[in-house]
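Read through the structure below, which is laid out as structure tokens, and then see the notes.
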Amino acid sequence: MEIKTHTLKWKLCFSLAAIILLASCNKQNVDTNTVYLPVVEGYLLPGHSITVKLYLQKALTDTALYGAPITGLQVYVSDGGTSVQLTESSKGIYTYNNQNFLVAGKTYSLNFKYLTSTVSAKTLMPSKPTNFTSQYGTLYISSTSGTTNNTSTLNRFSWDNPDTLNHVLVFNNPDGAAFPLRSFRNSPSPNFEVNTNRTSFYNVTASTFPYYGHYQVILLRVNQEYIDLMNSNTSSSTSQTLSNVATNIVNGFGIFTAMQADTVSLNVLD
């Protein structure tokens, strides 16, 4: 099945955005030059416009989701043969609307000048996942069976992966947290993502799902920089360790990465 535009809402809502948020916080007792590095957030997906968000780092005590936007820059993306300039469509958000520019197999480079430095990054556009399927379209889970001790496989997602490439499964529940599958001490997010560790399948159990509802299950074929950032240990981050958050940005923080995706639907009912 082809991925639909509305399924891309996960891009700014899931854990990677939280990790990038930590990377954007100003740090104390570190090289003062790092305080002035910009934060980059760019995800490339064929068939969609290029969007790159640029913003300043912010103080650890700042409760805003992002730092102040970086405006007025000349931002370029190249496919190795053609370089295009992005347009600042709103403050700190730079876009390019030719949806035919992103092609599998090409390496894309980001480049712009900020203060006295050149900020850059590279990423390879992977091929699209093939034969992504769900064993079942509907799962029936009683609230009594949906416990953390339930390890019986209820469904299997599978796809082709002869080259053991990186894949991530994103579970997007538009119904939100209205229908919990069981009681929680701390309410988890209705949306979550899983690193499949280069396999070609992923088994789910009753404990996989925190809530009932309709799930859009998105299979992302991603590059190593996405996995590195996803695996960044933010739970133990402090003002002294935030600089260790993974990034593929030269002279900056954040991520510039390419991916391909496919999606299937799954209903989780009582």
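The values are calculated or read from the model by the stated rules, or taken from the named source; none is laboratory data. Every value quoted in this text rests on a predicted model; they were computed, and no experiment measured them. Neighbour counts are summed over all protein chains in view; Cβ atoms, including those assigned to glycine, are modelled from backbone coordinates with ideal geometry.
Counting residues in region 135-151 that are outside the structural domain of Ala104 (by TED's automatic domain parsing), touching a Phe, Trp or Tyr at 6+ places or on another chain (Cβ under 6 Å) and surrounded by 13 or more Cβ atoms within 10 Å (Cβ to Cβ) gives zero.
Taking the condition of being aliphatic (A, V, I, L, M) and at pLDDT 95 or above, how many residues in region 228-254 meet it? Residues meeting the conditions: 2. Could you say whether any residue in region 74-96 is modelled with pLDDT under 85 and under 19 Å from the mean Cα position of the chain (by Cα)? Within region 74-96, not a single residue is modelled with pLDDT under 85 and under 19 Å from the mean Cα position of the chain (by Cα).
Being in contact (Cβ under 8 Å) with a residue 60 or more places away in the chain and outside any loop (DSSP other than H, G, I, E, B) is a description that does not apply to Ser127. Among the conditions (1) surrounded by fewer than 17 Cβ atoms within 10 Å (Cβ to Cβ); (2) over 11 Å from Ser78 (Cα atoms), the only one that Asn111 does not satisfy is (2). Looking only at residues in region 67-89 that are outside any loop (DSSP other than H, G, I, E, B) and among the small types (Gly, Ala, Ser), the one that is surrounded by the fewest Cβ atoms within 10 Å (Cβ to Cβ) is Ser83.
What are the residue pairs meeting all of these: first residue in region 80-99, first residue in the same structural domain as Ala121 (by TED's automatic domain parsing) and among the charged types (D, E, K, R), second residue surrounded by 11 or more Cβ atoms within 10 Å (Cβ to Cβ) and outside any strand (DSSP E or B), Cβ atoms under 8 Å, and 6 or more apart or on different chains? Pairs that qualify, where the first residue is in the same structural domain as Ala121 (by TED's automatic domain parsing) and among the charged types (D, E, K, R) and the partner is surrounded by 11 or more Cβ atoms within 10 Å (Cβ to Cβ) and outside any strand (DSSP E or B), are Glu88/Thr71; Glu88/Leu73; Lys91/Thr71.
Listed by position, the strands (runs of 3 or more DSSP E) inside region 157-205 whose residues that are touching a helix residue (DSSP H, G or I) at 6+ places or on another chain (Cβ under 7 Å) and either at pLDDT 95 or above or more than 20 Å from Met125 (Cβ to Cβ) (or both) number at least 1 are 167-172, 192-195.
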